[in-house]
Amino acid sequence: MTAALRYEWRRLWSIRSTYWLIGITFGLQLAGTLLAAMGTSAVENVFDAAETVSQIITLGAATGLSPLFTAYIIAMFGVFCFGHEYRYGMIRATLTAVPDRRAVFAAKALITALLAAVMSVGCSLIGMFSSLLFLDTRGALSSDTVWYVVLGAALFTVLFGLCGMAFAALVRNQTGALAMVLLVPLVAENIIALILRIVSQDGGDAVELAKVLPFDAGAQMYASSFADELNRFLGYDPLGAVGGGLVFTAFTALLVAGAFALFLTRDARVPAAVSQGPLVNRTPHGTQPVGSANMPWGVLLDAMGSAGPPLTSSPGCRSGVVRPWPRPAGVFYGRQSFL
C-alpha cells in the first residue's frame, strides 16, 4: 500500500494539469470572494455577519441558489486520477509497477480525498481573508455557523471528488467523465426534479423523490439558515444536513464500489506467468524489482510480452526487455520525465 501511495503521489505532481487546476481554483476563489466582499460591504448591516461570511466563502452556494463552483473544479482531480491513465494508456505502466489493483485503487481514492479536503479548506480560508479585508466580521469567523459551512463544503467536495474518480473508472474516458461531473448535477438532476414536480401537481407524492437526488441532497451539508428560510418560503422541505449527507455518501459509496469491482476484472490483464512472481528489471548489474528505489523510472519493463526465458533467480517471472515507453505529451511519471 505504501508503494501505491508513493507512486500515486509522484504521478499526481508529475502532471501539469495538477498545477493548473490548483492555480485556477485558488485564483477564481480569491477573485470571486474579493468581488463578493466588496459588493456586500455596502449592505453588510442588513444580514447577520456569520451569514454574510458564509455566503462569501461559498460564493453564494450556501443559499442554495447556485452550485459550489470550487467543488466542480476540484472534482476534476478525481476525474484526472483515472482519466489520464486511460487517455494516455499509462494504466499498463501503473499496473506493471504496482500489480496490486486494490492498493492502486485505494491509493487513488485516498489521494483524491486528501487533496479535495485540503483545497476546499484552503478556498474557505481565502473567503475568510477576503471578508476581513472589506467587512466588519464582528467575530463571525469564530462562529459555529461559519465553521459548519466550512466543514460541510469540505465533506461535499471530498465526496464530489470521489464521484469524479468513480465516473472516470467506470467509463474509462476522461472527456466522458468530465461531462458526467458537470451534466449529472447541473442538468440531469434539475430535469428529473422538474419532471417530479410536474407529476406531483396532480396530487401525487412524486416530489418527495426529489429530496433524495444525490447532489442536491449533498448540497444541504453546507446550506445556511438563509437557505432553510428560503426553502420554507418556496414550499420546499429538503433533507437536512445529516440526511442529505447520508444520501450523498451512500450514492458515492455505490459509485466507488462499482468502479472498484470493474477495475479488479478489466484493464491491462497481466499473464499468469508474470503475475505469479515479482516483476523485475534486468540491468547490466543484476536484477531489480519494478518500482524499487534504484529502478530507472524513465523506462518500463515490457512485462506484457514474452521477451525472454524466465529468470533463474526468480521462478515464474519473465525477463523484461527494457524499452522506452511511448511519450504522451504532458504526462511523465517518477524521477525521470517522459517528455
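No value in this document is a laboratory result; all are computed from the given coordinates. Please read all numbers here as calculations on a predicted model, not as lab measurements. Positions of Cβ are generated from backbone atoms using ideal geometry, with glycine treated the same way; all protein chains shown enter the neighbour counts.
Extending each Cα 7 Å along its Cβ direction at A250 and L209, get the distance between those two points in nm, one decimal.
Distance between the two pseudo-spin positions: 1.5 nm.
Could you compute the FRET efficiency for L125 and V199, with r as their C-beta to C-beta distance and R0 at 45 Å, rounded to 0.05? The partial results should precede the final answer.
On the way: r = 44 Å, r/R0 = 0.97.
It comes out at approximately 0.55.
For region 2-265, calculate the relative contact order in percent as a whole number, restricting contacts to Cα pairs under 8 Å that are 6 or more residues apart. Walk me through the intermediate numbers first.
Values: 351 pairs, mean separation 66.5, N = 264.
RCO, region 2-265: 25 percent.
Provide the FRET efficiency to the nearest 0.05 for the V242-T2 pair, computing r from the beta carbons and using R0 = 41 Å.
Working: r = 35 Å, r/R0 = 0.85.
About 0.70, to the nearest 0.05.
Determine one quarter of the surface area of the Cα convex hull of region 68-136, which equals its mean projected area, and express it in nm² to one decimal.
Quarter of the Cα hull surface area: 5.7 nm².
Using only the C-alpha atoms of region 78-226, find the volume of their convex hull and express it per residue in Å³. Intermediate results must be reported in sequence, preceding the final value.
Working: hull volume 23.2 nm³, N = 149.
Per-residue hull volume (Cα only) is 156 Å³.
Using the Kirkwood formula on the Cα atoms of region 1-86, what hydrodynamic radius do you get, in angstrom to one decimal? Before the final figure, lay out each step's value.
Values: mean 1/r = 0.0660 Å⁻¹.
Result for region 1-86, one decimal place: 15.1 Å.
Non-local amide H neighbours of I15 (under 5 Å, H modeled in plane, Pro and chain starts lacking H): which ones?
The answer is none.
Taking a label point 7 Å from the Cα of T18 along the Cα→Cβ vector, which residues of region 92-112 have an amide N closer than 16 Å to it?
The answer is 94, 107-112.
Suppose every K and R has +1 on its Cβ and every D and E has -1 on its Cβ; what is the size of the dipole of region 2-265 about the Cα centre, in Debye to the nearest 20? Write down the numbers at each step before the final one.
On the way: 14 positive and 16 negative charges, 304 e Å.
It works out to roughly 1460 debye.
Each residue of region 185-196 in order: what ³J(HN,Hα) in whole Hz does its phi give by Karplus 6.51 cos²θ - 1.76 cosθ + 1.60, θ = phi - 60°, with x for Gly and Pro?
x, 8, 10, 4, 5, 5, 5, 4, 4, 5, 4, 5
If I take R0 = 56 Å and measure r between the Cβ atoms of L262 and L132 in this structure, what FRET efficiency does the formula 1/(1 + (r/R0)^6) give, to the nearest 0.05?
Once rounded, the FRET efficiency stands at 0.75.
For region 2-265, what size does the Cα cloud have along each of its three principal axes, sorted from largest down, in whole Å?
Largest to smallest, the principal-axis extents are 60, 51, 26 Å.
So if each residue of separation counts as 0.36 nm, and I subtract the Cα-Cα distance between W9 and L114, what length gain in nm does that give? Numbers along the way, then the final one.
Working: separation 105, 0.36 × 105 = 37.80 nm, distance 1.10 nm.
Residue separation times 0.36 nm, minus the Cα-Cα distance, leaves 36.7 nm.
Long-range amide H contacts for L213: which residues qualify at under 5 Å (H placed 1.01 Å from N, peptide plane, sequence gap of 5 or more or a different chain)?
Residues meeting the amide H criterion: none.
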